[in-house]
Structures are given as structure tokens and as C-alpha cells.
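Before I ask anything, let me first share the structure, which is written out below as C-alpha cells.
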Amino acid sequence: MIPSLPAFFDMYYTNLENGKLATDGYLYNDQTFQVLNAIIILLNGALTSLVDGNTVTLNGINPPPKTTAEIAALEPDVGVGTLWYNSNLKKLQFKSDTGVIETITSV
């Protein structure tokens, strides 16, 4: 789970004497950085992308690999549309709108 961004609060962002960050400013920046870094780590694990200069190209999605037993254990708590790569079956599976885990097969 990704933590929430820190709530904005009324604070002195800089020291009036020297213009450097105040203690509250440091804390707010640190908390914001940690949350944004967690989001980047999550996205990098879920997406295949190519960065070229200032351009980011999304090349694909990496569903998490899970065994049949792991999927069965997760199933009661996940929402409709959750997608996995079943490493036992070597196929994609998802939770359908009927609440059933379905396997995507090719024809």
C-alpha cells in the first residue's frame, strides 16, 4: 500500500534569519519525497517503459506473477478486474465481475 501524501499545514517553510529550510519544511519535503519515491518504485515494477531524454514510452504492463495457491489465497480480498500472471499455468488470470477467477486463453 502506498502511503498518503502529507497533509498541507500552516508552517514556516524557511528560517526568516537565513532563508534556509525550517525544521517543518525539511520534514514536509522528506515525507513528500518518501511517498513519491514509493509511487515510482511501484510504477517501475508494474510497467515496462523506455525513457529517452524527456520522453517516456509505455511499452507494456507487468502483472504480478503468482502461483495458483497464492491467487486462491488473495482472491477473497481483491476487487473485480485484478490481473495476475499465473506462474503454474503460464497464463493470465483475472477476477471477473461475477467474482470468479477466470483464465485468459488463446485460440
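So, in region 44-53, how many residues would count as being assigned to a helix (DSSP H, G or I) and free of Cβ contacts under 8 Å to residues at least 12 places away in the same chain?
Qualifying residue count, region 44-53: 1.
Quick check, is K20 of a type in the set (K, R), touching a Phe, Trp or Tyr at 6+ places or on another chain (Cβ under 7 Å) and without any contact (Cβ under 8 Å) to a residue 24 or more places away in the chain?
Judged against the criteria, K20 is not a match.
Among G53, G45, which is the only one that is in the same structural domain as P3 (by TED's automatic domain parsing), farther than 25 Å from P3 by Cβ and surrounded by fewer than 11 Cβ atoms within 10 Å (Cβ to Cβ)?
Only one candidate passes the filter, namely G53.
Taking the condition in contact with a Leu (Cβ under 9 Å, 6 or more places away or on another chain) and surrounded by 12 or more Cβ atoms within 10 Å (Cβ to Cβ), does N59 pass?
Values: in contact with a Leu (Cβ under 9 Å, 6 or more places away or on another chain): yes; surrounded by 12 or more Cβ atoms within 10 Å (Cβ to Cβ): no.
No, not satisfied.
Right, next: Among the residues in region 24-43, are any part of a loop (DSSP other than H, G, I, E, B) and of a type in the set (A, V, I, L, M)?
No, region 24-43 contains no residue that is part of a loop (DSSP other than H, G, I, E, B) and of a type in the set (A, V, I, L, M).
Based on what the data block shows, is V56 closer than 30 Å to K90 by Cα and either outside any helix (DSSP H, G or I) or touching a residue at least 12 places away in the same chain (Cβ under 8 Å) (or both)? Give the derivation first.
Working: closer than 30 Å to K90 by Cα: yes; either outside any helix (DSSP H, G or I) or touching a residue at least 12 places away in the same chain (Cβ under 8 Å) (or both): yes.
Yes, satisfied.
Condition (residue is assigned to a loop (DSSP other than H, G, I, E, B), within 15 Å of the chain's Cα centre (by Cα) and loosely packed, with under 10 Cβ neighbours inside 10 Å) applied to region 1-16: is it met by at least one residue?
Yes; the residues of region 1-16 include at least one that is assigned to a loop (DSSP other than H, G, I, E, B), within 15 Å of the chain's Cα centre (by Cα) and loosely packed, with under 10 Cβ neighbours inside 10 Å.
Right, something else. I'd like the full set of residues that are in contact with a Pro (Cβ under 8 Å, 6 or more places away or on another chain) and within 30 Å of Q93 (Cβ to Cβ), limited to region 7-44.
If the condition is that a residue be in contact with a Pro (Cβ under 8 Å, 6 or more places away or on another chain) and within 30 Å of Q93 (Cβ to Cβ), then A38 is the only one that fits.
Here is a list of conditions, (1) surrounded by 11 or more Cβ atoms within 10 Å (Cβ to Cβ); (2) assigned to a loop (DSSP other than H, G, I, E, B), and I71 meets all of them except one; can you say which number that is?
Every listed condition holds for I71 apart from (2).
Within region 81-93, count every residue that is touching a Ser or Thr at 6+ places or on another chain (Cβ under 7 Å) and part of a loop (DSSP other than H, G, I, E, B). Before the answer, list the steps.
If we filter region 81-93 for residues that are touching a Ser or Thr at 6+ places or on another chain (Cβ under 7 Å), which is where we start, we get 86-89, 91, 93.
Keeping just the survivors that are part of a loop (DSSP other than H, G, I, E, B) gives 87-89.
Qualifying residue count for the region: 3.
The values are calculated or read from the model by the stated rules, or taken from the named source; none is laboratory data. Just so you know, these numbers come straight off a predicted model, no measurement behind them. Please note: Cβ atoms are built from the backbone with ideal geometry, for glycine as well, and neighbour counts cover all protein chains shown.
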